[in-house]
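The values are calculated or read from the model by the stated rules, or taken from the named source; none is laboratory data. Everything quoted here is computed from the prediction, not taken from an experiment. Using ideal geometry, Cβ is built from the backbone for each residue, glycine included, and neighbour counts are taken over all protein chains shown. Quick note on the areas: whole protein, heavy atoms, side chains included, nothing else; ligands and nucleic acids left out. Shrake-Rupley method; radii C 1.70, N 1.55, O 1.52, S 1.80 Å.
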Amino acid sequence: MQISNLIEMEVLEEAYLNLLALRQEFQQEQESCSEDSPMELAKKEKDLNLLYRAMMEKICTIVRDSNSLPSRNKGLLVYVARIIQEEERRAEKPGGLPDSWMDAWREAVCEGVQVKVKGVHLEQKEQNTSWLSVHLGLLGKAIVEDLENVRKQLRWSYPPSFKVFSTYVKSYHRVVREHLKKLEVQVTELKDLYALLDWIIHRYKSERIMGSPSLQPDMTDESTDLQLEDDFLKQLMEKYCSRVREDMKFSLGRLIELENEDFWSHRNSPKKEDNFLVCHINMDIWTRVKGSVDLSKNIDAQLAQRVISSCLKELKQFPKRFETEFKNHCGALKPQPLWTEYHITYINSFTALQGHMEDYQLECPQETEEFRKEVKWLIVRLSQNLEDQYKEDVTPFLRRMMTRKWLTNEEDFKNLHNRTELLSQHCAVMRPPYAQEFASRLHYHVVKEYIGQLMKNNYSCKNRKHEKAATKIRAQWDELKDLFEEMNSSHEWLHHVGDDLSNIIIQKNKADIKDHLQPLVEHYPDFSKKHLVAVLYFRGLTRGREYQLILRRLSELKKKQGNDVCDRNHVLFSGMQVAVNTDCFSNLPFSCLNFLLPNN
């Protein structure tokens, strides 16, 4: 009881001397004990073990509290160190404890560190949005202060062999690692995940904590890294990237909502910048992606690459998602000018967005390519909508070209010209390269449909009206050519066809027609006999000797042309439908008709 009380009262030196005396007494009795009194010896051994256990527990308590109550425990630690050293020396002798006193001391140090870490203030995240950043800041400060105390005071109570400072550093590595695992479960917001990763990877080993100048030079031989398990850090980064993608998805949805609130629902016209129709969707998305990537680069280059991948994977879904909402809110606008303006605006915006995302081609080539394809097809669909609308608008006017009404009336061509002029204005506010591609496709359509009316045998010029028709074709052709040149159409090769055909139709002398076929054949190798027959029908020439000579001349030119492969991008006539001539004698040679003359 006396030894037990001394231990409880922390009179360690006296208690330990008595304990050693009791142990020595036990050893002597054990050596001289006869077989007649084993029970009494066993009882003494039990009492001795209980006292030793109490001594170890008291020492561990003192060690655990030593960094919290340094002034009270400073003197006691000297005796603690002596007792531990003595017991380590006597470890092999009977009467002691089987446990290692040094291991118990290290564990007590670790428990003391746990108390310190648990004592760092931690607010509920519902009470403070910066709860984690504040806590990690306080935790780093507590670590530095405690290790400064160990370095300046606590370690001098121990012999150098205890490596006190190193033991405390290792204990902090271990305790903080477990503490962060518990914190990670509570972390869900991106800003908190960033704070946690930044603290683990950078701040913990920086001059703010383990690399603090106040801990030097004792930290020279110590590791400053937290030494987390690889899986934990990997899972934390995956969680961060998942959160980036979730936030990106929400932001993209919000952008669509804002577009509806600001423009679609109120039918507001889009804005212009540098004479192009624009909206700020592309800049908002690019700014957000760039911000996420730049932020993650501050933590780790590999994390940044994974963040880029996460952003691009979510962006891949955006074009179709945006298109669906656009159709739902603006489908009823068709074919109003505002509907067209919206289409051009989003062609421009997604073109710009694609350009911004090209910056990440090197880091994530596959994801960038997949996103590029989705944007491309959205732009194709938006362009196709505009093309289809234009074609629908001008089809009635084009169908009435090369008719009797066309020859005497300008109304249909004026409507075609006005609608094409409006198209030119639209191309002017569309960004390259899609503006030129768009204009070029519709240029081809107008040329094909305009010239195609010649192939339908809707009208045949009589009484020298072919001259008026050819003059009109040339004049209208010049107007259309000027419009498409203004739109920067890349199909300059189409400009010749109007003049080439006019030169054939306008000839007063039928015999001169064959001398004007060569430019047409050279410019358009796919121009064939059936097309010439249709042009001659419009000219008012359907039979006769000169008719046959003209066809023969075409055959000669085509034969001379040989098998030269026609540029597939310069095919015009082969896709035109040609009306079948119902005159069964029109294509017969003149000599074959001699038998029908009266004298034959």
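Hey, does the range 247-261 have a residue that's closer than 28 Å to VAL289 by Cα, of a type in the set (Phe, Trp, Tyr) and surrounded by 14 or more Cβ atoms within 10 Å (Cβ to Cβ)?
There is no residue in the range 247-261 that is closer than 28 Å to VAL289 by Cα, of a type in the set (Phe, Trp, Tyr) and surrounded by 14 or more Cβ atoms within 10 Å (Cβ to Cβ).
Kindly provide the set of residues from the range 262-276 that are open to solvent by 70 Å² or more (accessible area, probe 1.4 Å) and assigned to a helix (DSSP H, G or I), ordered by number.
Listed by number, the list holds a single entry, ASP262.
Which one is farthest from VAL307 (Cα to Cα), of the residues in the range 155-204 that are among the basic types (Lys, Arg) and under 29 Å from the mean Cα position of the chain (by Cα)?
Among those that are among the basic types (Lys, Arg) and under 29 Å from the mean Cα position of the chain (by Cα), it is ARG203.
Hey, could you check the range 224-246 for residues that are polar (S, T, N, Q) and farther than 17 Å from GLU178 by Cβ and say which is least open to solvent (accessible area, probe 1.4 Å)?
THR224
Rundown of residues vs (1) outside any helix (DSSP H, G or I); (2) in contact with a helix residue (DSSP H, G or I) (Cβ under 6 Å, 6 or more places away or on another chain), yes/no style:
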{"site": "HIS179", "(1), (2)": "no, yes"}
{"site": "ILE201", "(1), (2)": "no, no"}
{"site": "LYS205", "(1), (2)": "yes, no"}
{"site": "ILE209", "(1), (2)": "yes, yes"}
{"site": "SER214", "(1), (2)": "no, yes"}
{"site": "LEU233", "(1), (2)": "no, no"}
{"site": "LYS249", "(1), (2)": "no, yes"}
{"site": "ARG254", "(1), (2)": "no, no"}
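I'm checking my understanding of the structure. Among residues of the range 278-297 that are without any contact (Cβ under 8 Å) to a residue 24 or more places away in the chain and open to solvent by less than 70 Å² (accessible area, probe 1.4 Å), which one is farthest from ASN260 (Cα to Cα)?
ASP294
Can you work out which of the residues in the range 46-102 that are of a type in the set (S, T, N, Q), buried (at least 19 other Cβ atoms within 10 Å of the Cβ) and outside any helix (DSSP H, G or I) is modelled with the highest pLDDT?
SER66
Would you please list the contacts, defined by Cβ atoms under 7 Å and residues six or more apart or on different chains, that run from a residue in the range 497-517 that is under 16 Å from LEU557 (Cβ atoms) and open to solvent by 50 Å² or more (accessible area, probe 1.4 Å) to a residue that is polar (S, T, N, Q) and not in a helix (DSSP H, G or I)?
Pairs found: HIS516/GLN507.
Being open to solvent by less than 10 Å² (accessible area, probe 1.4 Å) and within 14 Å of GLN389 (Cα to Cα) is the filter here, so list the residues in the range 434-448 that pass it.
PHE438, ALA439, LEU442, VAL446
Return a yes/no flag: does the range 424-432 have any residue that is touching a residue at least 24 places away in the same chain (Cβ under 8 Å), open to solvent by 10 Å² or more (accessible area, probe 1.4 Å), among the aliphatic types (A, V, I, L, M) and in a helix (DSSP H, G or I).
yes
Given (1) surrounded by fewer than 19 Cβ atoms within 10 Å (Cβ to Cβ); (2) farther than 17 Å from ASP388 by Cα, identify the lone condition not met by PHE413.
For PHE413, the exception is condition (1).
Which pairs turn up if I take residues in the range 1-30 that are part of a helix (DSSP H, G or I) and look for partners that are of a type in the set (S, T, N, Q) and surrounded by 13 or more Cβ atoms within 10 Å (Cβ to Cβ) with beta carbon separation below 6 Å, at least 6 apart in sequence or on another chain?
As it stands, the answer is ILE3/ASN18, since those pairs meet every condition given.
Mind listing just one residue for me: the one in the range 340-393 that is open to solvent by 50 Å² or more (accessible area, probe 1.4 Å), of a type outside the set (D, E, K, R) and free of Cβ contacts under 8 Å to residues at least 12 places away in the same chain and, of those, nearest to THR287 (Cα to Cα)?
GLN361
Within the range 298-311, work out how many residues are surrounded by fewer than 15 Cβ atoms within 10 Å (Cβ to Cβ) and closer than 18 Å to THR368 by Cβ.
The number of residues fulfilling the criteria is 2.
So is PHE165 without any contact (Cβ under 8 Å) to a residue 60 or more places away in the chain, crowded, with 18+ Cβ neighbours inside 10 Å and among the aromatic types (Phe, Trp, Tyr) or not?
Yes: the conditions hold for PHE165.
Give me a count of the residues in the range 324-336 that are assigned to a helix (DSSP H, G or I) and open to solvent by 20 Å² or more (accessible area, probe 1.4 Å).
Total satisfying the criteria: 7.
I'm trying to understand the selection: among the residues of the range 205-223, which are open to solvent by 40 Å² or more (accessible area, probe 1.4 Å) and either under 37 Å from the mean Cα position of the chain (by Cα) or among the β-branched types (Val, Ile, Thr) (or both)?
Those that are open to solvent by 40 Å² or more (accessible area, probe 1.4 Å) and either under 37 Å from the mean Cα position of the chain (by Cα) or among the β-branched types (Val, Ile, Thr) (or both): LYS205, GLU207, ARG208, THR220.
So which residues in the range 467-496 are more than 23 Å from GLU522 (Cβ to Cβ), open to solvent by less than 40 Å² (accessible area, probe 1.4 Å) and not charged (D, E, K, R)?
ALA469, GLN476, LEU483, MET487
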